[in-house]
Amino acid sequence: MIQRIQTIYLILALVVTGVLPFCFPLWTLNDGKEYYFMADQFYTLVFGLGTTFSLISILFYKKRQHQFVLNRLTIILNLILLGLFVYRSLNLSGETPAVSLKGIGMFLPIVAIVMLVLANKAIKKDEDLVKSVDRLR
């Protein structure tokens, strides 16, 4: 399980969606308060689902097709989350340069998407290898 490169990518995606949102704020409001993902229930739900899907995908190490599909669902969730962040950052009421500062937490879904795409690439490579060995039998 851990010797496969896709498991490493999935663990990194798990850390990006499950641990780092607690460390990095999404943005800083004009009064100096940092806005974390826990302030909005929808952000919490989507980050939680992404973390859960990554963990389940790690546990499905023997079922490569299930891993592949679960990773695609997680990518879609992260794209939705990224879209919400972009929408929120473009539509902050009274947006001026001093009103809010975008935090590094807004870019966490991008890192998670990259890790999941790399994991899917490695899963596809493993699946092709298994199919080629099955042809030789």
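The values are calculated or read from the model by the stated rules, or taken from the named source; none is laboratory data. What you are looking at is a predicted structure, and each value in this text was computed from that prediction instead of being measured. When the accessible area is computed, the model is the full protein with side chains, heavy atoms only, and any ligands, DNA or RNA have been set aside. Shrake-Rupley method; radii C 1.70, N 1.55, O 1.52, S 1.80 Å.
Adding -39500 (n - 2.57) for every DSSP H run of four residues or longer, then dividing by how many residues the chain holds, sets the calculated 222 nm ellipticity at -23000 deg cm²/dmol. Between 0 and 90 degrees, rounded to the nearest ten: what's the tilt of helix 64-90 against the longest Cα principal axis of the chain? Around 10 degrees separate the two axes. Only lysines eight or more places from K33 in sequence, or on another chain, were considered; those with a Cα closer than 26 Å are K102. Between helix 108-136 and the chain there is an angle of about 10 degrees, using the helix long axis and the longest principal axis of the Cα atoms.
Measure off, as a whole percent, the carbon and sulfur share of the 1.4 Å-probe accessible area of the chain, all protein chains present. Whole-percent figure for carbon plus sulfur exposure: 69.
Counting only lysines at least 8 places from K63 when in the same chain, those with an alpha carbon closer than 27 Å to its own are K121, K124, K125, K131. What the chain shows is 60 Å² of accessible area per residue, with the surface traced by a 1.4 Å probe over protein heavy atoms. So what's the angle, to the nearest 10 degrees on a 0 to 90 scale, between helix 5-18 and the longest Cα principal axis of the chain? With rounding to tens, the tilt is 20 degrees. For region 103-137 and region 1-54, write down the distance between their C-alpha centroids in whole Å. If we compute the Cα centre of each part, the gap is 19 Å.
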